[in-house]
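Colleague: Sending over a structure as structure tokens; questions will come in a sec.
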Amino acid sequence: MDKVRLVLQASDPLSHAGLASFLRSCPTVELLPAGDPVGAQVLVFGCEQLTVDVVAVLRRSAAQTGLPVVLVLREITESELLTAVECRVVAVLPRAAVTGERLAHSVLAAANGGGVLPPNLVGELLKHIERLQREVLAPNGLNASGLTPREVDVLRLMADGLDTGEIAGRLCYSERTVKNVIYGVTHRLKLRNRSHAVAYALRAGLI
């Protein structure tokens, strides 16, 4: 099995040395030279807390490399977790619980599109999503994917191969309404065309 290539950053030399030692002992990962993210699949970042400076570094990394991040820190709050997620953090490990095995597991999960969170943070994140659905999305007629039920109906019929006229007939809308729905979806979600819109809905599990 190919090793997962990663880069390591830390807010202080001691954290960097400790994490590097763990990572070098893991046979499933390859630690790339510092400052050389070319070919890297994951960024591991160690710090005490999610300070303003750390967030700035993570945002810059997300913009420049787009690498998923494994964050190792002492503690993190719910609001900090949401900020971290915006910075491409997909795994959070408390420093006190770090072992080579847990670190390697988090790196592999990040490289494969997964994530790792402590149980208490999963609960907090789910509560936040439920609150977002109740207070923001539902009052505006949206679901978690950012689509209205009418938009979902149109996209589902588009995926079945129906053209604008057929969709209008099936849903008892005018063709103009169908075109407006399609335009609204593609414009709001920055989708290129109808095929891209259908692909988005498929990935979101809506059709």
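Colleague: Could you point to the residue in Thr99, Leu202, Leu157 farthest towards the positive end of the chain's charge dipole, with +1 and -1 charges on the Cβ of Lys/Arg and Asp/Glu respectively?
Modeller: Leu157
Colleague: Say we join alpha carbon atoms closer than 10 Å with springs in a Gaussian network model of the chain; which of Gln49, Gln41, Gln64 then has the biggest fluctuation?
Modeller: Gln64
Colleague: Using each residue's phi in the range 109-121, evaluate 6.51 cos²θ - 1.76 cosθ + 1.60 at θ = phi - 60° and report the 3J(HN,Hα) Karplus result to the nearest Hz, with x for Gly and Pro.
Modeller: So the Karplus estimates, Gly and Pro as x, are 4, 4, 5, 9, x, x, x, 9, 9, x, x, 5, 6 Hz.
Colleague: Here's another thing I want to ask about it. Heavy atoms of the protein only, probe of 1.4 Å, neighbouring chains included. What is the accessible area of His187 in Å², nearest 10?
Modeller: 120 Å²
Colleague: In addition: Label-point separation (nm) for Glu75 and Ala20, each offset 7 Å from Cα along Cα-to-Cβ?
Modeller: Result: 3.0 nm between the two label points.
Colleague: Skipping prolines and chain starts, which residues have an amide H placed within reach, meaning under 5 Å, of the one on Val4, given they are 5 or more residues away or on another chain?
Modeller: Those qualifying (amide H under 5 Å, at least 5 residues apart or on another chain) are Val29, Glu30.
Colleague: Would you mind working out the magnitude of the charge dipole of the chain relative to its Cα centre, with +1 at each Lys and Arg C-beta and -1 at each Asp and Glu C-beta, to the nearest 20 Debye?
Modeller: Values: 22 positive and 20 negative charges, 95 e Å.
Roughly 460 debye for the chain.
Colleague: Long-range amide H contacts for Gly46: which residues qualify at under 5 Å (H placed 1.01 Å from N, peptide plane, sequence gap of 5 or more or a different chain)?
Modeller: Amide H to amide H, under 5 Å and 5 or more residues apart or across chains, Gly46 pairs with Gln9, Ala10, Ser11, Val72.
Colleague: Right, here's the next one. If you stretched the chain out fully between Asp36 and Lys190, how much longer would it get, using 0.36 nm times the residue separation minus the C-alpha to C-alpha distance?
Modeller: On the way: separation 154, 0.36 × 154 = 55.44 nm, distance 3.23 nm.
Residue separation times 0.36 nm, minus the Cα-Cα distance, leaves 52.2 nm.
Colleague: Label-point separation (nm) for Arg170 and Val52, each offset 7 Å from Cα along Cα-to-Cβ?
Modeller: For the pair Arg170/Val52, the computed spacing is 5.3 nm.
Colleague: R0 = 25 Å: FRET efficiency of Asp2 with Val85, Cβ-based, nearest 0.05? Please list the in-between numbers first.
Modeller: Working: r = 27 Å, r/R0 = 1.10.
For Asp2 and Val85, the calculated efficiency is 0.35.
Colleague: Could you compute how much accessible surface Glu175 exposes when probed at 1.4 Å, giving the result in Å² to the nearest 10?
Modeller: Spelled out: Glu175, probe radius 1.4 Å, area about 100 Å².
Colleague: Let me ask something else about it. Over the range 1-136, what portion of Cα pair distances is larger than 19 Å, expressed as a whole percent?
Modeller: Of the Cα pairs, 46 percent sit more than 19 Å apart.
The values are calculated or read from the model by the stated rules, or taken from the named source; none is laboratory data. No experiment lies behind these values; they were computed from the predicted model shown. Note that we place each Cβ from the backbone using ideal geometry, even for glycine, and neighbour counts take in every protein chain shown. Just so you know, the surface numbers come from the protein's heavy atoms only, side chains and all, with ligands and any DNA or RNA stripped out. Shrake-Rupley method; radii C 1.70, N 1.55, O 1.52, S 1.80 Å.
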